[in-house]
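Enquirer: Sharing a structure with you now.
The values are calculated or read from the model by the stated rules, or taken from the named source; none is laboratory data. No experiment lies behind these values; they were computed from the predicted model shown. Counting neighbours? That spans all protein chains shown, and the Cβs are built from the backbone with ideal geometry, glycine included.
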């Protein structure tokens, strides 16, 4: 049986939504996630026609060819420094997800999954507080419908002081509206803090070791979420009256850490923000030798499977230390 | 914005409505401040907010999405160019579009790219009467530059339409110039044949020129302008003609296109 799922990516502009999505397939391929390696997930971009066709099976020819189409373009743009997603439409990317290894029967028996992941400009759903952003009405309406129809929502937030972010008010209002919408189909909501590697910029080759400790991630999440206004509203969504939505928190880094050297993957010798690359090569190949994304598959795999990893944290886990100290 | 034709010639005034989509910028390098997001940043006073969708770059280019790899490498800095009758049904306007991707930290920066575009809208009748003058003018003056964050919104959204005075060309002069081109250049005959065949068959077709044919976009637009100026008023597919430069996407209808980095050896595959 194939399960079709719709996942909406939202968050403020420059939060890293498109980068998260662009690094998803590589993260799965490199097993750079917090799930057990025995889960062995497989993820393959598919076309719209393949997504809507019945009984989709991976084409044998695809095993030997690189992905084509919109997702390949997104990956290429990411390799070249990224392109700000425009506000003229919302953009759908489609994938076939399989779990080829060990997982609880409740997870495995539902698969394979056909995922439709919806990316959109941050200005549409979470504009800067107080700003009058002229967005085309049909685009706003389309995204609103996509959010209500989505089984999962992933909120991507840059790891900054949220109280000074300049968009936290509009994010709170969006969460309020989503929580109060009776027609929503939402089952899972993941809040992911991006650009996690930046916290470890001064740790050099120890950076990856610390980043890989779930206790560090939990500490970072507790600290980041301490002052946010919308935390209780999200918590209320978990109750049966609130829709029984499963809420999780996690961290990720699309740039990730450098293979072998273990430091955050931002090359200080390059202009702008660029990953380390092999000189003399072009495109994605130039980065592959060093690039290991960090946990960018986590929010998508949880959104699709509802299966926790070592780096997806529930309210119970966030609250645990508070209870201990109390 | 007002331009005059040389004295003594017969002239006509053309009014251009303007619409810009992109991000506001500031400073000497025109970098995008962190708080700025995408939006329509300038709309001249006779356009309405409902025109934002109709004049959006992907719609004008008949694309689902405008992407950096659709811009010819030779046109990346200035952007691609498009002239056509606006695609809405029974449209009475023609549009000129310049669209590009520029770094958020300024034209010489290395930051994330974003889309910046500028559209001129003119009466379709003016486009029909003065294709040579309008192509030359748009080719040289239509730039996808960001508006300034320091400029008040009320000013940017009540801008007066630009008015240009164009010289009305004598058909004899047009024919004379075209006759010369038929003798001395290798673009004139294929272009006229392309337009004639398009009228005859009604099929969609694209005629692509490259760097071997024209040294610059301006030279291409001059040549195409002359050919279009020569078309009789009864030409049946005028509304389907698009003139494109630097865009690696073929429009429907009759598309006359220039790709500055296309060389003869590569043309077969691109034009196919």
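Enquirer: Pick from B:195, B:169: which is out of contact with any strand residue (DSSP E or B) (no Cβ under 9 Å at 6 or more places or on another chain), away from chain A (no Cβ under 14 Å) and under 27 Å from residue B:129 (Cβ atoms)?
Expert: Every option except B:169 fails the conditions.
Enquirer: Related question: Mind checking whether some residue in the range B:101-111 is within 11 Å of chain A (Cβ to nearest Cβ), within 17 Å of the chain's Cα centre (by Cα) and at pLDDT 95 or above?
Expert: Checked the range B:101-111: at least one residue is within 11 Å of chain A (Cβ to nearest Cβ), within 17 Å of the chain's Cα centre (by Cα) and at pLDDT 95 or above.
Enquirer: For the range B:52-73, what are the residues that are touching a residue at least 40 places away in the same chain (Cβ under 8 Å), out of contact with any helix residue (DSSP H, G or I) (no Cβ under 9 Å at 6 or more places or on another chain) and surrounded by 17 or more Cβ atoms within 10 Å (Cβ to Cβ)?
Expert: Of everything in the range B:52-73, those that are touching a residue at least 40 places away in the same chain (Cβ under 8 Å), out of contact with any helix residue (DSSP H, G or I) (no Cβ under 9 Å at 6 or more places or on another chain) and surrounded by 17 or more Cβ atoms within 10 Å (Cβ to Cβ) turn out to be B:55, B:57, B:71, B:72.
Enquirer: Mind listing whichever residues of the range A:199-212 are touching a residue at least 24 places away in the same chain (Cβ under 8 Å) and surrounded by 15 or more Cβ atoms within 10 Å (Cβ to Cβ)?
Expert: A:199, A:200, A:203, A:207, A:208, A:211, listed by residue number.
Enquirer: So, in the range A:1-45, how many residues would count as being in contact with a strand residue (DSSP E or B) (Cβ under 9 Å, 6 or more places away or on another chain), in a helix (DSSP H, G or I) and either away from chain B (no Cβ under 14 Å) or within 23 Å of residue A:218 (Cα to Cα) (or both)?
Expert: Count: 11.
Enquirer: Restrict the check to the range B:217-228 and report whether at least one residue is touching a residue at least 12 places away in the same chain (Cβ under 8 Å) and not in a helix (DSSP H, G or I).
Expert: no
Enquirer: Any residue at all in the range A:149-162 that is within 25 Å of residue B:112 (Cβ to Cβ), more than 14 Å from chain B (Cβ to nearest Cβ) and in a helix (DSSP H, G or I)?
Expert: Within the range A:149-162, one or more residues are within 25 Å of residue B:112 (Cβ to Cβ), more than 14 Å from chain B (Cβ to nearest Cβ) and in a helix (DSSP H, G or I).
Enquirer: Can you run down the residue pairs with Cβ atoms below 7 Å, 6 or more apart or on separate chains, where the first is in the range B:26-41 and away from chain A (no Cβ under 12 Å) and part of a loop (DSSP other than H, G, I, E, B) and the partner is surrounded by 21 or more Cβ atoms within 10 Å (Cβ to Cβ) and at pLDDT 90 or above?
Expert: B:30/B:146
Enquirer: Given B:144, B:159, which one is surrounded by 14 or more Cβ atoms within 10 Å (Cβ to Cβ), more than 24 Å from residue B:239 (Cβ to Cβ) and within 14 Å of another protein chain (Cβ to nearest Cβ)?
Expert: None of the others qualify; the one that does is B:144.
Enquirer: Does residue B:83 meet the test of being more than 10 Å from every other protein chain (Cβ to nearest Cβ), within 30 Å of residue A:267 (Cβ to Cβ) and buried (at least 21 other Cβ atoms within 10 Å of the Cβ)?
Expert: So residue B:83 fails the test.
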